[in-house]
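Read the structure below first, then the notes.
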Amino acid sequence: MKKFEKHYLGKVDGLQIIKVSLKVADILKFAHKYEGEDYISFEVARMQQPDKYGRQYTVYVNSLVEHEEDQGKEDSAGKKKTKRKQKEPGKNDEMPL
């Protein structure tokens, strides 16, 4: 079963306009192709509370990750546990925003 996982890239602060500064090495591993063009899709979300530096927003990338179900193993809530298998970076087939 495939599920989306968030990969946090950093935090930002701002008011009406949000300035985003990210390390190129961090975002390039999440680049994907769509119709022959390279894209990097990320999300900016407001945090519940500012961090210790006063930043109010976080930046992350969602990626589709394959999850293999363990037979017969359940957690304390009775749900089956899964193993995570990371999809190869740069091989994301998602459409850009």
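The values are calculated or read from the model by the stated rules, or taken from the named source; none is laboratory data. Here the structure is a predicted model, which means the values were calculated and not measured. In this analysis, Cβ positions are derived from the backbone assuming ideal geometry, glycine residues included, and neighbour counts consider all displayed protein chains.
Brief remarks follow.
- Positions within segment 28-70 being aromatic (F, W, Y) and either surrounded by fewer than 16 Cβ atoms within 10 Å (Cβ to Cβ) or more than 11 Å from H7 (Cα to Cα) (or both), in sequence order: Y34, Y39, Y53, Y57
- Residue in segment 18-25 that is modelled with pLDDT under 85, hydroxyl-bearing (S, T, Y) and under 19 Å from the mean Cα position of the chain (by Cα) present: yes
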